[in-house]
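Each remark here refers to the structure printed beneath this line.
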Amino acid sequence: MLYNSSSMEVFLGLPAADGVGIGTAFVIPEPVKRAIPRHRIKIDEVNQGWARFQAAVQSVTLELSSHLETLSKTDERDKAQREVFETYILMLDDPVFSKEVQAFYEEELFNIEYTVEMKAEEYASRLRQAGNYYLSERAKDITDIFGRVLDEMLDIHPFDINRVPDGSVILANSLSSADTIVLSKRKIAGLALTEGGVSSHVVILARNYGIPTVVGLENIIKKVHNGETVIVDGKAAEILVNPDRHTIGEYKSKILAEQQRKIQLREFLGKPAVTKDGVEFKLFANIGTPEEAELALAEGADGIGLFRTEFFYMSHSGVSLNAAARSFTEQTQFEAYKKVLQIMDGKPVTIRTLDAGGDKLINSVDIPLLDEKNPLMGLRAVRLSLAYPNVLKTQLRALYRASVYGNLQIMFPLISTVEQVKGCRRLIEEVLAEFDSEKIPYNPDTPVGIMVETAAAAVISDCLAGVSDFFSLGTNDLTQYTLGVDRENQHVSSLYDEFSLSVLRLIQMTMQNGKNHGVPVSICGEMAGRQDSVMVLAGMGIRTLSMSTKLISSTKELLSRFTIAELEAISAEHLNSL
């Protein structure tokens with residue numbers, strides 16, 4: 001929706017991540033899909049085509065060399081990216097591959113674009129079938145780097161998210177989780193998206209990183225231009241374009257009020273979460289990278305309730321999905337998990353195994369990028385891990401090696417059957433048997449729990465209690481799967497309701513089965529951090545919540561204003577049909 005106020009335009013969307021941001025519009029263009037033509041050429045066209053190929057190779061090589069010069073030779077953060085670009089440059093200069101391409105091109109007389117694509121894929125296929133880990137990793141490098149050469153020849157220039165300048169308000173149809181992670185490391189004023197639901201992973205990340213966000217903004221990227229001043233009001237779900245000085249002043253006052261509110265909440269940093277009548281809660285943090293554990297500790301978290309390891313994968317998988325796929329080794333993961341455990345210094349740390357697939361695409365040679373008609377219902381999370389057990393086993397080895405450095409808990413995502421948990425535990429037994437043989441130390445008492453985020457898991461939570469040390473309710477997916485509503489889709493966002501009686505009944509059922517079997521139950525979905533839902537959950541009996549780090553102090557302040565009886569009364573209004 002759009003309305004005008006003099007020269008100012010105001011767009012109305014859906015509230016996603018609170019906060020106010022003022023910045024300069026940066027419109028991210030829609031990606032152009034590469035379409036490779038295939039046709040025969042005349043003999044007198046051969047030289048011209050080959051010259052275009054060589055010119056494209058030279059152009060891409062120069063671009064990579066220029067980028068390489070900007071990367072530090074000593075900074076560990078630049079090491080992986082340097083390795084990628086150095087590998088690319090070597091491949092572009094490979095005389096053997098070049099002769100193969102030229103021989104096929106001159107003999108078969110197919111156009112040069114088709115020839116390059118076909119020979120690159122043929123070469124990559126040979127590497128994949130070699131049965132060698134290193135060579136299979138290089139296969140993706142081949143297709144990626146010569147894909148860049150093809151883009152140059154076809155005049156296609158994919159947008160690089162790293163080009164977004166600080167101080168920008170990003171306008172786009174959608175962003176990937178990987179792009180959002182890249183933007184989190186910049187000073188971004190806000191996000192304005194035409195697509196995405198209020199509980200999408202992009203929005204969850206935006207909340208974690210404190211980026212004001214509005215979604216469901218139809219046609220905004222066609223009506224706003226780069227360089228225009230934009231205000232994002234995440235709470236009111238408004239985007240103001242070309243505001244006057246008076247309006248800018250008003251919103252600067254709102255930003256100041258937000259900052260003052262944060263200062264007031266600092267008094268809760270070192271205090272436990274306690275209700276007005278003295279009932280104590282445990283408030284944990286959701287994180288996606290080891291570095292976020294530092295912030296969680298500074299914000300007074302009682303521990304880490306959810307380490308989303310797929311976001312760690314994304315943040316280390318290269319500059320984008322256009323970059324070469326890498327492998328996430330046991331050692332790389334071990335160092336990350338160890339770091340989080342050491343930072344938290346004995347506080348509980350729950351690390352969720354890889355929740356890849358669906359909308360969370362990970363650029364790894366170990367994990368396929370599947371083209372599924374309904375990916376959210378497809379091969380994702382624990383299903384993907386069990387389908388590719390070496391990926392899960394590598395992660396389990398890293399986790400158990402790290403277990404001696406702190407208070408670790410391991411959690412499996414998207415469980416829907418008892419057999420899935422048993423399959424994961426069999427892999428754990430294999431890992432621990434190997435460790436015993438290899439004399440590798442580990443903590444054999446590391447708790448192993450599950451995410452309850454499908455209706456199936458909630459309904460059989462009494463059975464799952466027999467194979468689980470704890471339950472963590474993932475209310476985002478639980479709501480999505482229970483109501484049959486895609487939480488990434490703004491067209492059905494009005495149907496996405498975490499307060500639906502069906503969802504609340506499943507939460508209540510899981511809590512009761514956990515209580516009956518002595519299995520602790522916590523909440524780690526977005527419901528755990530929203531003030532309205534915190535009151536309802538607390539009144540239902542939940543005493544452990546895991547949320548975005550920035551919400552911990554405000555949740556402590558909220559709980560301090562109510563007694564348990566008052567919270568139970570609030571819950572009763574929502575649960576009157578139970």
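Flag not set for Asp445, criterion: open to solvent by 10 Å² or more (accessible area, probe 1.4 Å) and part of a helix (DSSP H, G or I). On the given criteria, is Gln420 modelled with pLDDT of 95 or more and assigned to a strand (DSSP E or B)? The answer is no for Gln420.
Filtering Gly518, Gly529, Gly539 for residues that are at pLDDT 90 or above and either of a type in the set (Lys, Arg) or surrounded by 18 or more Cβ atoms within 10 Å (Cβ to Cβ) (or both) leaves a single hit, Gly539.
Any chance the range 496-504 includes a residue that's more than 21 Å from Glu195 (Cβ to Cβ), open to solvent by less than 10 Å² (accessible area, probe 1.4 Å) and small (Gly, Ala, Ser)? No: the range 496-504 contains no residue that is more than 21 Å from Glu195 (Cβ to Cβ), open to solvent by less than 10 Å² (accessible area, probe 1.4 Å) and small (Gly, Ala, Ser). The set of residues from the range 388-400 being open to solvent by 50 Å² or more (accessible area, probe 1.4 Å), part of a helix (DSSP H, G or I) and of a type outside the set (S, T, N, Q) comprises just one member, Pro389.
Residue by residue, here is whether (1) under 23 Å from Ala456 (Cβ atoms); (2) touching a Lys or Arg at 6+ places or on another chain (Cβ under 8 Å); (3) of a type in the set (Gly, Ala, Ser); (4) open to solvent by less than 20 Å² (accessible area, probe 1.4 Å) holds:
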{"position": "Thr510", "(1), (2), (3), (4)": "yes, no, no, yes"}
{"position": "Lys556", "(1), (2), (3), (4)": "no, yes, no, yes"}
{"position": "Glu568", "(1), (2), (3), (4)": "no, no, no, no"}
{"position": "Glu573", "(1), (2), (3), (4)": "no, no, no, no"}
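Against the list (1) crowded, with 17+ Cβ neighbours inside 10 Å; (2) at pLDDT below 70; (3) not small (Gly, Ala, Ser), the condition Val164 fails is (2). Within the range 456-484, the residues that satisfy the criterion of being open to solvent by less than 20 Å² (accessible area, probe 1.4 Å) and under 20 Å from the mean Cα position of the chain (by Cα) are Ser472, Leu473, Gly474, Thr475, Asn476, Asp477, Leu478, Thr479, Gln480.
So that you can scan it fast, the table gives a plain yes or no per residue for (1) of a type in the set (Gly, Ala, Ser); (2) modelled with pLDDT of 90 or more; (3) in a loop (DSSP other than H, G, I, E, B):
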residue	(1), (2), (3)
Glu30	no, no, yes
Arg34	no, no, yes
Arg38	no, yes, yes
Phe53	no, yes, no
Val57	no, yes, no
Thr74	no, no, yes
Arg82	no, no, no
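The residue that is nearest to Phe146 (Cα to Cα), among those in the range 101-122 that are surrounded by fewer than 16 Cβ atoms within 10 Å (Cβ to Cβ) and of a type in the set (Asp, Glu), is Glu121.
Residues that are modelled with pLDDT under 85, surrounded by fewer than 19 Cβ atoms within 10 Å (Cβ to Cβ) and outside any strand (DSSP E or B): does the range 2-13 have at least one?
yes
Can you name every residue in the range 401-419 that is open to solvent by 10 Å² or more (accessible area, probe 1.4 Å) and either more than 18 Å from Ile351 (Cα to Cα) or touching a Cys at 6+ places or on another chain (Cβ under 7 Å) (or both)? Ser416, Thr417, Val418, Glu419, listed by residue number. Given the criteria modelled with pLDDT under 95, in contact with a strand residue (DSSP E or B) (Cβ under 8 Å, 6 or more places away or on another chain) and open to solvent by less than 10 Å² (accessible area, probe 1.4 Å), does Ala381 qualify? Against the criterion (modelled with pLDDT under 95, in contact with a strand residue (DSSP E or B) (Cβ under 8 Å, 6 or more places away or on another chain) and open to solvent by less than 10 Å² (accessible area, probe 1.4 Å)), Ala381 qualifies. Gln48 fulfils the conditions (1) without any contact (Cβ under 8 Å) to a residue 12 or more places away in the chain; (2) assigned to a helix (DSSP H, G or I); (3) open to solvent by less than 100 Å² (accessible area, probe 1.4 Å) except for a single criterion, (3).
Mind telling me which of the residues Gly288, Gly305 ends up being closer than 30 Å to Leu354 by Cα and touching a Cys at 6+ places or on another chain (Cβ under 6 Å)? Exactly one residue qualifies, and that residue is Gly305.
For Lys373, the conditions (1) part of a loop (DSSP other than H, G, I, E, B); (2) touching a residue at least 24 places away in the same chain (Cβ under 8 Å) all hold with the exception of (2).
The values are calculated or read from the model by the stated rules, or taken from the named source; none is laboratory data. Here the structure is a predicted model, which is why all the values come from computation and not from measurement. Glycine also receives a Cβ, built like all others from the backbone with ideal geometry; neighbour counts cover every protein chain displayed. SASA here: full protein model, heavy atoms, side chains in, ligands and nucleic acids out. Shrake-Rupley method; radii C 1.70, N 1.55, O 1.52, S 1.80 Å.
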